[in-house]
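Scroll down for the structure; my scribbles are underneath it.
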Amino acid sequence: MTGRRERSSRSEPLEVKSAQGLKRNTVTSTQILMKTARGCILGSIIAVLLGCDIQKNMLYYPGSYTIADIRRYAAENDLLLWPGPDGGYQGIVSRKGPANFKGTIVIFHGNGGPAIFRTYYLAALEARGYRVVLAEYPGYGGRSGELSEQSFVADARRAALRAKGEFGGPLYLWGESLGCGVASALAADKELRPRGVVLLTPWDSLPGIAKAQFPWLPVKLFLSDRYDNVANLDAYGGPVAVILSRRDEIIPNKLTMRLYHALSPPKRMWTFENAGHNDWPSHPELDWWDEVMDFLNTGGERSGP
């Protein structure tokens, strides 16, 4: 197209005066088309690579922890790599477990660092009678594997099925931040059949949060991971507890509210008015832990904010 416009602006006649001239013009047009096509392909490749970089930089921060680091920390804190001590482990559990068993809670943690640093869940929930599994993601905590939604969800499903079979039900799924996407993806699983789901600082979908964080980029076109919590929870009919940090500097409140309003009952929201994304109140003696689990165990009889 550009070549044609340039030629039409010249003063000399455009008619072809010889076969040689025709050949030259044909070659020139072909070269232009080939260059244009190469430019489009190169642009597409750059866009895809840019999208991959955005996704990884925005989502996944596993750190540089080795399996030796995890084993050492576990030994120092009376924890076990579950189901075994090698790099094939899928989570962290306490050595003793709860005294009065009420069910199994599988925790899917946020995107920064390994699962083993989330021992506040063990302290709070095992004191209330629940066996807690701190699920670890592929590529985190010295584990091998791909950093992707598909990899995380598939591995999480295997871990949750194993936990339910080994420790017993009822089963509960608990997601924090990134982990909300994993928990939501498993909520309607017919084999798992979780009694309840807890979503702490969740969002509606990954494209939604990407647009909020990178408003100047067409990130929806480049994201291979979706973590569409709204769509994934649509088929789940059990109770969902949503926990919002009012001063969340990572997940805009409007995205948490968008998810909450899309949920069908039974649902209930807890709001930490003075908390940010990473400093929500995790002390085990706080009443909200009891409130959340009571809500799930009563089938969500009380719904609404």
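Any read-out appearing in this document is the output of simple, stated calculations on the displayed coordinates, not a laboratory observation. What you see is a predicted model, and the numbers here were worked out from it, not measured in a lab. Here Cβ is always computed from backbone atoms with ideal geometry, including for glycine, and neighbour counts include all displayed protein chains.
Take 280-291, 131-142 and order them by the average number of nearby Cβ atoms within 10 Å per residue, most first; the result is 131-142, 280-291. Remark: the ALA154-TRP288 segment gains 45.2 nm on full extension, using 0.36 nm per residue and subtracting the alpha carbon distance.
Looking at region 141-180, which GluC sites (Glu not before Pro) are in a loop (DSSP not H, G, I, E or B) and have at most 15 other Cβ atoms within 10 Å?
Details: sites: GLU146, GLU149, GLU166, GLU176; in loops: GLU146.
Of the GluC sites (Glu not before Pro), the ones in loops of region 141-180 whose Cβ has at most 15 other Cβ atoms within 10 Å are GLU146.
Within straight-line reach of LYS254, meaning a Cα separation under 18 Å, sit the following aspartates and glutamates at least 8 residues removed in sequence or on another chain: GLU176, ASP204, ASP228, GLU273. First select every other residue whose beta carbon is under 15 angstrom from the beta carbon of ASN100; then total the charges, Lys and Arg +1, Asp and Glu -1. Value of the local net charge: +2. Taking each of LYS96/LYS190; LYS211/LYS267; LYS220/LYS267; LYS164/LYS211; LYS190/LYS267 in turn, the alpha-carbon distance tops 32 angstrom for LYS164/LYS211.
When DSSP beta bridges are limited to those with both residues in region 67-297, what percentage is antiparallel, rounded to the nearest 5?
Numbers: 6 of 32 bridges.
Around 20 percent of the beta bridges assigned by DSSP in region 67-297 are antiparallel ones.
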